[in-house]
Amino acid sequence: RVLYDMVSTMGSIFNVEQLLYQVMELIFRELPVDRGFMLLRNETTGKFEPVVVKYRTEKPGRITTSNTIIKHILSKREGVLCTNAMTDKRFNKGDSVQGYGLRSVICVPIIARDKILGIIHIDSSISNTSYTQEQLHLISAIGYQTGLAVQNVQLYLESVRVERLAATGQTVAAMSHYIKNI
C-alpha cells in the first residue's frame, strides 16, 4: 500500500525537491519518526547535501548527521538498521552517533541503477521506539523507488532543456534564412 501510494504520487511531480518532500511526508505518516532527512549528491562537488529535513515536534535547526553511518552505507551500498545506535559495535567509534544521542536509526541509500544518488535517514530518540527489519525493508524499497523517480525527473528536465535548445536553433536558422533572402 505504501509503495503504491508513493508511486502514484511520484508520477505527477517534475521537481526533485518537491518529490523528496512528498516521500518524506509519506515516511512520517507510516513510521514513528522523530527526525528525518534526505541528502542528495551534488553533481559538481560530489558531496552529499541536505535537501529535505523534517522534525516531528522540535523546530528545525542545524542538521546533525552521523558520518560513520553514512560512510558505512556508501561503502556497503545497503541500508542500516540500528535498534540502539549508541551501543552498536559497528558505530561505537563515531562521535556523532554518541553525541547526538541516536537510538533507533534507519539509513538507506537512494539508488538508481548502479549509482548512489543520495541517502534517506530517519531516527527516533525515544527509548521505547525500535525499528524492525520489515521497516528497514520498506525504507530500502522506498530508497530504490525514490532513486528511479529522481533519475526520471532529471531525464525529463534534460529532455525539456534539449527541446528548448532545438527550438531555439530552428528559430535562429529560419530567421537567418529570411534575413538572407531579404
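Output needed: percent of Cα pairs per 5 Å distance bin for segment 1-83, bins running from 0 to the one holding the longest distance.
3, 12, 19, 23, 23, 16, 5, 0
Helix 16-30 versus the longest principal axis of the chain: what is the Cα-based angle in degrees, 0 to 90, to the nearest 10?
Computed tilt is about 30 degrees.
Using just the helices of the chain, give the 222 nm mean residue ellipticity in deg cm²/dmol: DSSP H runs with n ≥ 4 each add -39,500 (n - 2.57), and the total is spread over all residues, rounded to 500.
Rounded to the nearest 500, it is -16500 deg cm²/dmol.
Suppose we look only past 24 Å in the calculated P(r) of the chain. What percent of the Cα-Cα pairs does that tail hold? Before the final figure, lay out each step's value.
Working: 7058 of 16471 pairs.
Across the chain, Cα pairs with separations above 24 Å total 43 percent.
Read phi for every residue in segment 34-48 and hand back ³J(HN,Hα) as whole Hz from Karplus 6.51 cos²θ - 1.76 cosθ + 1.60, θ = phi - 60°, with x for Gly and Pro.
Using θ = phi - 60°, the values come out as 8, 8, x, 8, 10, 10, 10, 6, 6, 5, 7, 8, x, 8, 8 Hz.
Whole number please: convex hull volume per residue, Cα atoms of segment 131-177, in Å³.
30 Å³
Enter the angle in degrees (range 0 to 90, nearest 10) between the Cα long axis of helix 67-76 and the first principal axis of the Cα atoms of the chain, meaning the one along which they spread out most.
70 degrees
Describe numerically, in nm with one decimal, the distance between label points set 7 Å from Cα along Cα→Cβ at S130 and at N152.
Here the answer is 3.7 nm between the modelled labels.
How do the peptides 141-147, 174-180 rank, highest first, by the average count of neighbouring beta carbon atoms within 10 Å per residue?
Values: 141-147: 20.4, 174-180: 9.0.
The peptides rank, most packed first, as 141-147, 174-180.
Under the Kirkwood approximation applied to all pairs of distinct alpha-carbon atoms, what is the hydrodynamic radius of segment 117-158 in Å? Please report the intermediate quantities before stating the final value.
On the way: mean 1/r = 0.0826 Å⁻¹.
Taking every pair of different Cα atoms in segment 117-158, averaging 1/r and inverting gives 12.1 Å.
Compute the longest continuous run of the chain that contains no exposed GluC sites (Glu not before Pro); treat a site as exposed when its DSSP state is not H, G, I, E or B and it has at most 15 other Cβ atoms within 10 Å. List each step's numbers first, then the result.
On the way: sites that count: E43, E58, E78.
Longest gap between qualifying sites, sites excluded: 79-182.
Around I142, what is the net charge, scoring Lys/Arg as +1 and Asp/Glu as -1 over all other residues with Cβ under 14 Å from its Cβ? The partial results should precede the final answer.
Values: positive: R1, R29; negative: D5, E25, E30, E134.
Combined, the nearby Lys, Arg, Asp and Glu give -2.
In nm, to one decimal, how far is the E43 label point from the R56 one, both placed 7 Å along Cα→Cβ?
The modelled label-to-label distance comes out at 3.7 nm.
What's the angle, to the nearest 10 degrees (0 to 90), between helix 133-181's Cα axis and the longest principal axis of the chain?
So the inclination is approximately 20 degrees.
Every number in this text was worked out from the coordinates using simple rules, so none of it is lab data. None of these values were measured; they are calculated from a predicted model. Positions of Cβ are generated from backbone atoms using ideal geometry, with glycine treated the same way; all protein chains shown enter the neighbour counts.
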